[in-house]
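J.: First the structure, which I've put down as structure tokens, then a few questions once you've had a look.
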Amino acid sequence: MAYKVTPWEVSGDIDYGKIVKDFGLETISDHLLKRIEKHTKELHPLLRRGVFFAHRDLNWILDEYEKGHHFFLYTGRGPSGHTHLGHILPWVLTQWLQEKFGAELWFQMTDDEKFLFKDGLELDQTRKLAYENALDVIALGFDEKKTKIFLDTEYAKTLYPQALRVAKRLTFSTAKATFGFSNESNVGEIFFTSVQAVPAFLPSVLKGKNTPCLIPHAVDQDPHFRVARDILPKLGYYKPASIQSVFLPGLRGGKMSASEEGSAIYTTDSPETAKRKIMNAFTGGMDTVKEQKEKGANYSICPVYHYYRQLFMPDDKELASLERECKGGSILCGECKNRLSERVSHFLSDHQKKREQAKHRIEKFMIRD
Ligand code: TRP
């Protein structure tokens, strides 16, 4: 089956190799990883394991950094619901990059986008969700002195004039070809990508100095930044660089979906709920215990394995040993799920504590105008 990956729809069998070709991305070479490691002293598992698998202009970001020309980070969230573990994946790497490179982060909450694109979501709801989601961002340990979080509707006086400069250079025909709009699309949707382009050059505008930008994001957002890379040089700014992650798979197999109960674990889930979702997950196991003991299981298609690999087992030796046990049939899926639930529960209780504490600190992060 063919795949579809756009900022508003992800479906089908996702072939990341094909995405690299279709989107015109570059894969992350060992040489590039070594170059990063030279500055960071170690490599984050998300980089080491290729969970971030592609980029645009990351070599240029390092060239500039090495010349003393430091970059800022930009990422964001479309507040259409609570945060699930898939959402935090790019934020985890972003936090690490902030720490290792001392970079400022601009975090955009696109409450306008989710209002425009989702039937039945009102602006007061997307606004509330943005504040909920911001707690998850803060809980991940971003530096309050170097991180700015804003809602599009609350920072509009600053964003809007810059969005206009982008919009004037973007034709309907390009927006249509990039995002697949039709005559039925509302006009806000067609304009919206101009708003998502702004944080990639806003710090340059505010500082009066062209500053390199690096955007960590899940690969579905790439079309926005293709547009931004095309237009920003016409306004006198650098093309933003970017680094793309795969998606955390849904626990029910296939993609993670807010509408499919049990396919995602939310940061607000209780440990019991998380455990139930994990115990009901699809796996790469065989139909019977006997068969699995004989033939082993297939971890590459198993969401439980990918949860370990992407978020819950940073130690490479431990992961290699789990892979061996799984392939060799010496661990069964029930046991493997039990061990994962323990790690996830531990993460959730810690994260929820930090999320509560974030409520007292949120104003240190938010910017408005
Ligand atoms: N459009 C994104 C979403 O729906 C939110 C977003 C805005 C974003 N700016 C970004 C994501 C920059 C990644 C990088 O989730």
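The values are calculated or read from the model by the stated rules, or taken from the named source; none is laboratory data. Computed from a predicted model, the values in this text were never measured in an experiment. Using ideal geometry, Cβ is built from the backbone for each residue, glycine included, and neighbour counts are taken over all protein chains shown. Quick note on the areas: whole protein, heavy atoms, side chains included, nothing else; ligands and nucleic acids left out. Shrake-Rupley method; radii C 1.70, N 1.55, O 1.52, S 1.80 Å.
J.: So, residue 82, is that one open to solvent by 20 Å² or more (accessible area, probe 1.4 Å), touching a helix residue (DSSP H, G or I) at 6+ places or on another chain (Cβ under 8 Å), assigned by TED's automatic domain parsing to the domain that holds residue 237 and within 15 Å of the ligand (Cβ to nearest atom) or not? Spell out the reasoning first.
T.: Details: open to solvent by 20 Å² or more (accessible area, probe 1.4 Å): yes; touching a helix residue (DSSP H, G or I) at 6+ places or on another chain (Cβ under 8 Å): yes; assigned by TED's automatic domain parsing to the domain that holds residue 237: yes; within 15 Å of the ligand (Cβ to nearest atom): yes.
Criteria met by residue 82.
J.: Also, I was wondering about something else. Yes or no: residue 115 closer than 18 Å to residue 362 by Cβ, hydrophobic (A, V, I, L, M, F, W, C) and either surrounded by 22 or more Cβ atoms within 10 Å (Cβ to Cβ) or assigned by TED's automatic domain parsing to the domain that holds residue 205 (or both)? Step through it out loud before you land on a result.
T.: Working: closer than 18 Å to residue 362 by Cβ: no; hydrophobic (A, V, I, L, M, F, W, C): yes; either surrounded by 22 or more Cβ atoms within 10 Å (Cβ to Cβ) or assigned by TED's automatic domain parsing to the domain that holds residue 205 (or both): yes.
It is false that residue 115 is closer than 18 Å to residue 362 by Cβ, hydrophobic (A, V, I, L, M, F, W, C) and either surrounded by 22 or more Cβ atoms within 10 Å (Cβ to Cβ) or assigned by TED's automatic domain parsing to the domain that holds residue 205 (or both).
J.: Can you find even one residue in segment 203-213 that is at negative phi, open to solvent by 70 Å² or more (accessible area, probe 1.4 Å), in the same structural domain as residue 330 (by TED's automatic domain parsing) and in contact with a helix residue (DSSP H, G or I) (Cβ under 9 Å, 6 or more places away or on another chain)?
T.: Kept after step one, since they are at negative phi, are these residues of segment 203-213: 203-207, 209-213.
Among the residues that remain, those that are also open to solvent by 70 Å² or more (accessible area, probe 1.4 Å) are: 206-207, 209.
Now drop any that are not in the same structural domain as residue 330 (by TED's automatic domain parsing), which leaves none.
Looking through segment 203-213, none of the residues is at negative phi, open to solvent by 70 Å² or more (accessible area, probe 1.4 Å), in the same structural domain as residue 330 (by TED's automatic domain parsing) and in contact with a helix residue (DSSP H, G or I) (Cβ under 9 Å, 6 or more places away or on another chain).
J.: When the residues of segment 231-258 are filtered to those that are without any contact (Cβ under 8 Å) to a residue 12 or more places away in the chain and more than 16 Å from the ligand (Cβ to nearest atom), which remaining residue is surrounded by the fewest Cβ atoms within 10 Å (Cβ to Cβ)? Don't jump to the end; show me each part of the working.
T.: Applying the first criterion (without any contact (Cβ under 8 Å) to a residue 12 or more places away in the chain) to segment 231-258 yields 233, 254, 257.
From what is left, the residues that are more than 16 Å from the ligand (Cβ to nearest atom) are 233, 254.
Values: 233: 11, 254: 17.
Per the criteria, the residue is 233.
J.: Note down all Cβ pairs under 9 Å where the first residue falls in segment 147-176 and is closer than 20 Å to residue 115 by Cβ, the second is part of a helix (DSSP H, G or I) and open to solvent by 80 Å² or more (accessible area, probe 1.4 Å), and they're at least six residues apart or on different chains.
T.: 151/127; 153/127; 154/127; 158/206
J.: May I pose another question? Return the total of residues in segment 217-230 being within 14 Å of the ligand (Cβ to nearest atom) and more than 18 Å from residue 10 (Cβ to Cβ).
T.: Here the count works out to 3.
Residue-wise test of (1) farther than 24 Å from residue 89 by Cβ; (2) modelled with pLDDT of 95 or more; (3) under 22 Å from the mean Cα position of the chain (by Cα).
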position	(1), (2), (3)
270	no, yes, no
304	no, yes, yes
313	no, yes, yes
318	no, yes, no
324	yes, yes, no
333	no, yes, no
361	no, yes, no
365	no, yes, yes
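J.: Can you tell me how many residues within segment 90-103 are surrounded by fewer than 22 Cβ atoms within 10 Å (Cβ to Cβ) and within 11 Å of the ligand (Cβ to nearest atom)?
T.: 0
J.: Among 46, 58, 25, which is within 16 Å of the ligand (Cβ to nearest atom) and either under 15 Å from the mean Cα position of the chain (by Cα) or surrounded by fewer than 14 Cβ atoms within 10 Å (Cβ to Cβ) (or both)?
T.: Details: 58 fails: either under 15 Å from the mean Cα position of the chain (by Cα) or surrounded by fewer than 14 Cβ atoms within 10 Å (Cβ to Cβ) (or both); 25 fails: either under 15 Å from the mean Cα position of the chain (by Cα) or surrounded by fewer than 14 Cβ atoms within 10 Å (Cβ to Cβ) (or both).
It is 46.
J.: How do the helices (runs of 4 or more DSSP H) wholly within segment 145-220 filter down when requiring 3 or more residues that are polar (S, T, N, Q) and under 29 Å from residue 125 (Cβ atoms): which remain?
T.: Of the helices (runs of 4 or more DSSP H) lying wholly inside segment 145-220, those with at least 3 residues that are polar (S, T, N, Q) and under 29 Å from residue 125 (Cβ atoms) span 187-197.
J.: Which helices (runs of 4 or more DSSP H) sit wholly inside segment 6-53 and have at least 1 residues that are of a type in the set (Val, Ile, Thr) and in contact (Cβ under 8 Å) with a residue 12 or more places away in the chain? Before you say what the answer is, go through the steps one by one.
T.: Values: elements: 16-23, 30-40, 45-48.
Counting at least 1 such residues, we get 16-23, 30-40.
J.: Test residue 114 against the criterion of being within 14 Å of the ligand (Cβ to nearest atom), touching a Phe, Trp or Tyr at 6+ places or on another chain (Cβ under 9 Å) and at pLDDT 95 or above, and give yes or no.
T.: Details: within 14 Å of the ligand (Cβ to nearest atom): yes; touching a Phe, Trp or Tyr at 6+ places or on another chain (Cβ under 9 Å): no; at pLDDT 95 or above: yes.
So residue 114 does not fit the description; no.
J.: Of all residues in segment 61-79, count the ones that are open to solvent by less than 40 Å² (accessible area, probe 1.4 Å), part of a helix (DSSP H, G or I) and not hydrophobic (A, V, I, L, M, F, W, C). Give the steps one after another, and end with the answer.
T.: First, the residues of segment 61-79 that are open to solvent by less than 40 Å² (accessible area, probe 1.4 Å): 61-62, 64, 69, 71-79.
From the residues that got through so far, the ones that are part of a helix (DSSP H, G or I) too are 61-62, 64.
Adding the requirement that they be not hydrophobic (A, V, I, L, M, F, W, C) leaves 64.
Residues flagged as open to solvent by less than 40 Å² (accessible area, probe 1.4 Å), part of a helix (DSSP H, G or I) and not hydrophobic (A, V, I, L, M, F, W, C) within segment 61-79 amount to 1.
J.: For segment 6-22, name all the residues that are farther than 15 Å from residue 243 by Cβ, away from the ligand (no atom under 16 Å from the Cβ) and crowded, with 17+ Cβ neighbours inside 10 Å.
T.: 14
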